[in-house]
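Engineer: Sharing a structure here in structure tokens format.
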Amino acid sequence: MEWFDNFWQIYSNLVLTIGINALLALSIWLTLSCGLLAMANAAFMGIGAYTASILTMNYGAPFPVALAAGIAAPTVVALVIGGPTLRLSGVYLAMATLGFGEVVRVMILNAESLTGGALGLNGIPQLTQWWHVIAALVITLLILWRLRRSRIGRAFEAIKEDAVAASLMGIAVNAHKMLAFALGAGIAGLAGALNAHLTFFIGPSEYGFDRGVDILTMTILGGTGGLTGPVLGALIVTLLPELLRNFRDFRTMMNGAILVLIVLFLPKGLWDPQRFKSWFKRGRK
Amino acid sequence: MLKLSKVSKRFGGLSVLQDVSFEVPEGKVFGLIGPNGAGKTTVFNLITGLLAPSGGAIEFGGRSLIGVKPHQITRLGLGRTFQNIRIFKEMTLIENVVVGMHAHLDYGVPGWLFSLPGFRAQESQARDRAHELLGWVGLDAKAFDTADNLSYGDQRKLELARALATKPKLLLLDEPVAGMNSGEKVALMDVITKIAKRGFTVFMIEHDMRFVMGLCERIAVLNFGKIIAEGTPDEIKNNPDVIEAYLGRDDDDVVAA
Amino acid sequence: MLEQQLVNALSLGCVYALFALGFTLVFGVLGVINLSHGAIFMIGAYAALQVVTKLAFPLWASLIAAFFVAGAFGLAIDYLVLKPLRQRNAPHLIPMIATIGLAIFFNSASQGIFGAENLRFPSDLVPDQQLHFWGVQISVLEVAIIALSFALMAGLLIVMRKTQLGRALRAIAESPKAAALLGINVEGLFYLTSFTAAALGGISGVLIALYSNAVFPLMGQPMLHKGIAVIILGGMGDIRGALIGGLFLGFAEVMSVAYIGSTMRDAVAFGLLFIVLLLRPQGMFGKVLERKA
């Protein structure tokens, strides 16, 4: 077991970060599965991170309480802004949520007394254990998996294809969109809270546009067809900078190039069950 | 069962429907016909809540439909198909039909989360019912195909099965046989007759005269946004206003004298 | 000193409007949110800088260079990336994601090529005389910015409202398929729009670079965020919205810096944005409906 201890000593942060990124990718996957491109999940992550951190740092709250608050706070915010913004569709929604993300970042920047402003919060207790991340990921995967097999999951798919037809099937479209949006926000908040207590320092720049793009890349790269895709994408996107450690600027360029190439040539991402099926069929002949 | 009284609809300065009144009796097959652009699909959109009327009343079973959201209207018992086919292309046929049962599945969060017996029973019943409905329209053999691969005529039949899944009291069919060849039309006529015999009220919009005359027990005629006639097929056939509305147009099927 | 602030706000607002115009043009006509518009803005600024320093061209020539270089990039992006996605009938969000990738690529490429530091236009080239009238002080540069911006915006408005080309573009904005059926050369006009929008973005890049005397690889990002705020405020796809939204944002920012303090500057833009999103997400002139195919 010694090699494992050594491995863990060096790489535990990386492994846990992969887990947290997987949560984030799943949160965007959830909204995408209902046809929503909500670019606000990075902001929700930030809300969760700050809420949980403030509770543990300033009020000595126990970790589970902080985590619960880290889930609840962004969920509540999502419920509040979801009403007016989810009426918008497609690109309008993407833009509105992008704008909202900026608003949150600026608010964090300016609420200095609470959030430390541009300097961020330093010295967050490192409470996140490996099993926290595993548990969170497993529970989230379980919930999303069961959700997909229920009428709610079917409703999401129907809404994604044709919201009008879905409404005439008796599906309450707005309520379902709100569910996807708010649940996605909660998952992102959980990821943020866990991440904050792992890296012991957070700042407003971590939850802006760049983070949002990172999360989106993970999901798109990995594949939006199922639950495996986002996890795979998180794995690759988190590991890639480590592998390309010597090529700093190059790796950001790679990120960008990957996005464009995937969108152009592998639109459903890497993990595409339908593509695998057709490979199988061709192989049989 | 469904009653429109003096319904009108304006889009900006354009008046699409004026003073439209008719009644769809329960248990019968009712047809709304009229030349292209007369406003027929708009009538359906008003009934199903996708548009709000500029004036007039729409009542279903004595209850006003105005201001009611589309998904609630479906839950009240109106099922609908679309003129330009809106099936869920990336789902299989059976999934399409099961989506239609959404409103009638009532398991809660513990049910689907923990795969409780109640959940599994309802899901299983839903699938059985979906197979049955696909059988009614003759698509059962293709239940696991992706909807995108279907022929045009089969897609229309799928929409019909899906609309039936919503357990409607009134079925609104928007051009159910458009784009079908005559063999398919005859087959569908048969299917709809059987459906009507099971107690569903059917309200259809169609162009194909033979189809309409053969199936519908009452017909209303819409021209330039106004109802110009309402009655039995024979009455409509011989109505001079109706004949005039169709003469001189490039319609394939002109009312036979 | 209100008049002074108003004048400052006007030049800033003009540049915001110019940037937002390109952004909203692409959205209105192509139906795509082009998040690489910030990178194109940056490319325009660098192009102008290179032309002035390496080729020793006069300043006005650099504007023309920026116009064409940025325009060319915009056209290339449309032809190489957006067009295949159009032909594939990709859902709306996919092109947006592709433009995000392009932005990242261009931003980091320019950092690799030019370095991350702030570059400046040679000071002897930038006019810095101040004019005084009506008790207000305004620099020649600001006058030039305002004049140029207004000229470009007026030109665009005239084209859109009074010419056959403008009518064709508006038809495409409503429904590309219908426009094609009317015999309009939709693909060709897509190329033209991409070029023009990018060219406007490039010009606004040079103007801001002169105004704030800084050229750096990530300069497009904060501008992009402001651009998003402007078109949400003004309504997406609407030219009047971009104009008025841009001017409005310029005013709001300058006023808030003058009367509240510079830390709140970004907060104001986004505070407004927030309120608009809550109360009227489609902005001043936007529509809630998605365009038809």
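Engineer: Is there a residue being surrounded by fewer than 20 Cβ atoms within 10 Å (Cβ to Cβ), part of a helix (DSSP H, G or I) and modelled with pLDDT under 85 anywhere in region B:221-240?
Structural biologist: Yes: one or more hits.
Engineer: Then there is this: Any idea which residue in region B:106-135 is nearest to B:GLY79 (Cα to Cα), counting only those that are of a type in the set (Gly, Ala, Ser) and surrounded by 17 or more Cβ atoms within 10 Å (Cβ to Cβ)?
Structural biologist: Applying the filter and picking the extreme gives B:ALA130.
Engineer: Among B:THR193, B:THR201, which is surrounded by 19 or more Cβ atoms within 10 Å (Cβ to Cβ) and among the polar types (S, T, N, Q)?
Structural biologist: Checking each option against the conditions leaves just B:THR201.
Engineer: Please verify whether B:LYS89 is of a type outside the set (A, V, I, L, M, F, W, C) and surrounded by fewer than 22 Cβ atoms within 10 Å (Cβ to Cβ), treating the condition exactly as stated.
Structural biologist: In short, yes.
Engineer: For region C:36-90, give me the residue count where each residue is aromatic (Phe, Trp, Tyr) and at pLDDT below 90.
Structural biologist: Summing the residues that are aromatic (Phe, Trp, Tyr) and at pLDDT below 90 in region C:36-90 gives 2.
Engineer: Another question, then. Of the residues A:THR199, A:THR238, A:THR224, only one is surrounded by fewer than 24 Cβ atoms within 10 Å (Cβ to Cβ), more than 9 Å from every other protein chain (Cβ to nearest Cβ), polar (S, T, N, Q) and closer than 21 Å to A:ALA94 by Cβ; which?
Structural biologist: A:THR224
Engineer: Can you pull out every residue in region B:107-160 that is within 13 Å of chain A (Cβ to nearest Cβ) and aromatic (Phe, Trp, Tyr)?
Structural biologist: The answer is B:TYR107, B:TRP112, B:PHE114, B:PHE119, B:PHE144.
Engineer: Could you tell me how many of the residues in region A:77-97 are closer than 18 Å to C:ASP238 by Cβ, among the small types (Gly, Ala, Ser) and more than 7 Å from chain C (Cβ to nearest Cβ)?
Structural biologist: Result for region A:77-97: 0.
Engineer: Can you tell me which of C:LEU156, C:LEU141, C:LEU169 is of a type in the set (A, V, I, L, M), in a helix (DSSP H, G or I) and modelled with pLDDT under 85?
Structural biologist: C:LEU141
Engineer: I would also like to ask the following. Taking region B:133-164, which residues are under 25 Å from B:VAL43 (Cβ atoms) and over 13 Å from the mean Cα position of the chain (by Cα)?
Structural biologist: B:VAL137, B:TYR152, B:GLY153, B:GLN155
Engineer: Further question: Of the numbered conditions (1) within 14 Å of chain A (Cβ to nearest Cβ); (2) closer than 20 Å to C:ALA20 by Cα, C:SER149 satisfies every one except a single condition; which is it?
Structural biologist: Exception for C:SER149: condition (1).
Engineer: Could you grab me the full set of residues in region A:83-93 that are crowded, with 23+ Cβ neighbours inside 10 Å, touching a residue at least 40 places away in the same chain (Cβ under 8 Å) and in a helix (DSSP H, G or I)?
Structural biologist: Scanning region A:83-93 gives a single hit, A:LEU93.
Engineer: What are the pairs with Cβ atoms under 8 angstrom where one residue, in region A:149-172, is in contact (Cβ under 8 Å) with a residue 40 or more places away in the chain and at negative phi and the other, located anywhere, is surrounded by fewer than 24 Cβ atoms within 10 Å (Cβ to Cβ) and of a type in the set (Ser, Thr, Tyr)? Sequence gap at least six, or different chains.
Structural biologist: Final answer for the pair search is A:GLY153/A:SER33; A:PHE156/A:SER33; A:GLU157/A:SER33; A:LYS160/A:SER33; A:ALA163/A:SER89.
Engineer: Sort out which residues of region B:203-222 are touching a Lys or Arg at 6+ places or on another chain (Cβ under 8 Å) and β-branched (Val, Ile, Thr), and write them in order of number.
Structural biologist: B:ILE205
Engineer: For region B:25-43, name all the residues that are β-branched (Val, Ile, Thr) and surrounded by fewer than 23 Cβ atoms within 10 Å (Cβ to Cβ).
Structural biologist: Scanning region B:25-43 gives B:THR41, B:THR42.
Engineer: Give region A:58-85 a look and list any residue that's closer than 23 Å to C:ALA269 by Cβ, under 19 Å from the mean Cα position of the chain (by Cα) and not small (Gly, Ala, Ser), or say none.
Structural biologist: A:PRO74, A:VAL77, A:ILE81
Engineer: Which of the residues that make up region C:182-228 are among the aliphatic types (A, V, I, L, M), in a helix (DSSP H, G or I), in contact with a Lys or Arg (Cβ under 9 Å, 6 or more places away or on another chain) and closer than 23 Å to C:PHE105 by Cβ?
Structural biologist: C:ALA209
Engineer: Could you run through region A:98-114 and say how many residues are touching a Pro at 6+ places or on another chain (Cβ under 6 Å) and more than 9 Å from chain C (Cβ to nearest Cβ)?
Structural biologist: Here the count works out to 1.
Engineer: Which one of these does A:LEU137 not meet: (1) of a type in the set (A, V, I, L, M); (2) closer than 30 Å to B:LEU164 by Cα; (3) in a helix (DSSP H, G or I)?
Structural biologist: Just one mismatch for A:LEU137, condition (2).
Engineer: Conditions: (1) closer than 28 Å to C:LYS83 by Cα; (2) at pLDDT below 85; (3) within 13 Å of chain C (Cβ to nearest Cβ); (4) out of contact with any Ser or Thr (no Cβ under 8 Å at 6 or more places or on another chain). A:PHE247 meets all but one. Number of the miss?
Structural biologist: (1) is the only condition that A:PHE247 fails.
Engineer: Give the residues of region B:68-94 that are within 7 Å of another protein chain (Cβ to nearest Cβ) and free of Cβ contacts under 8 Å to residues at least 24 places away in the same chain, sorted by residue number.
Structural biologist: B:PRO70
Engineer: Still on this structure, I have one more. Tell me whether region A:146-163 contains one or more residues that are in a helix (DSSP H, G or I), of a type in the set (A, V, I, L, M) and under 19 Å from the mean Cα position of the chain (by Cα).
Structural biologist: Checked region A:146-163: at least one residue is in a helix (DSSP H, G or I), of a type in the set (A, V, I, L, M) and under 19 Å from the mean Cα position of the chain (by Cα).
Engineer: Something else about it: What single numbered condition from (1) surrounded by 15 or more Cβ atoms within 10 Å (Cβ to Cβ); (2) at pLDDT 90 or above; (3) over 14 Å from the mean Cα position of the chain (by Cα) fails to hold for B:LEU78?
Structural biologist: The failed condition is (3).
Engineer: Of the residues that make up region C:109-130, is at least one in contact (Cβ under 8 Å) with a residue 40 or more places away in the chain, within 14 Å of chain A (Cβ to nearest Cβ) and among the polar types (S, T, N, Q)?
Structural biologist: Among the residues of region C:109-130, at least one is in contact (Cβ under 8 Å) with a residue 40 or more places away in the chain, within 14 Å of chain A (Cβ to nearest Cβ) and among the polar types (S, T, N, Q), which makes the answer yes.
Engineer: Something else about it: Residues to consider are C:VAL7, C:VAL81, C:VAL51, C:VAL69; find the one that is touching a Gly at 6+ places or on another chain (Cβ under 7 Å), assigned to a helix (DSSP H, G or I), surrounded by fewer than 24 Cβ atoms within 10 Å (Cβ to Cβ) and β-branched (Val, Ile, Thr).
Structural biologist: C:VAL69
Engineer: Among (1) within 14 Å of chain C (Cβ to nearest Cβ); (2) buried (at least 24 other Cβ atoms within 10 Å of the Cβ); (3) at pLDDT 90 or above, which single condition is A:ASN174 missing?
Structural biologist: Failing condition for A:ASN174: (2).
Engineer: Let me ask you something else. Tell me, which residue of region C:91-108 that is more than 7 Å from every other protein chain (Cβ to nearest Cβ) and at pLDDT below 90 is nearest to C:TYR46 (Cα to Cα)?
Structural biologist: C:PRO95
Engineer: Another question, then. Out of all the residues in region B:144-162, is one or more within 19 Å of B:PRO25 (Cβ to Cβ) and not in a loop (DSSP other than H, G, I, E, B)?
Structural biologist: No, because not a single residue in region B:144-162 is within 19 Å of B:PRO25 (Cβ to Cβ) and not in a loop (DSSP other than H, G, I, E, B).
Engineer: How many residues, within region B:196-220, are part of a helix (DSSP H, G or I) and either in contact with a strand residue (DSSP E or B) (Cβ under 7 Å, 6 or more places away or on another chain) or among the basic types (Lys, Arg) (or both)?
Structural biologist: Matching residues across region B:196-220 total 5.
Engineer: In region A:253-285, what count of residues is obtained for those that are part of a helix (DSSP H, G or I) and either over 18 Å from A:LEU232 (Cα atoms) or modelled with pLDDT of 80 or more (or both)?
Structural biologist: Counting residues in region A:253-285 that are part of a helix (DSSP H, G or I) and either over 18 Å from A:LEU232 (Cα atoms) or modelled with pLDDT of 80 or more (or both) gives 19.
The values are calculated or read from the model by the stated rules, or taken from the named source; none is laboratory data. Please read these numbers as outputs of a predicted model, since none were measured by experiment. When we count neighbours, we look across all protein chains shown, and the Cβ atoms used for this are built from the backbone with ideal geometry, even at glycine.
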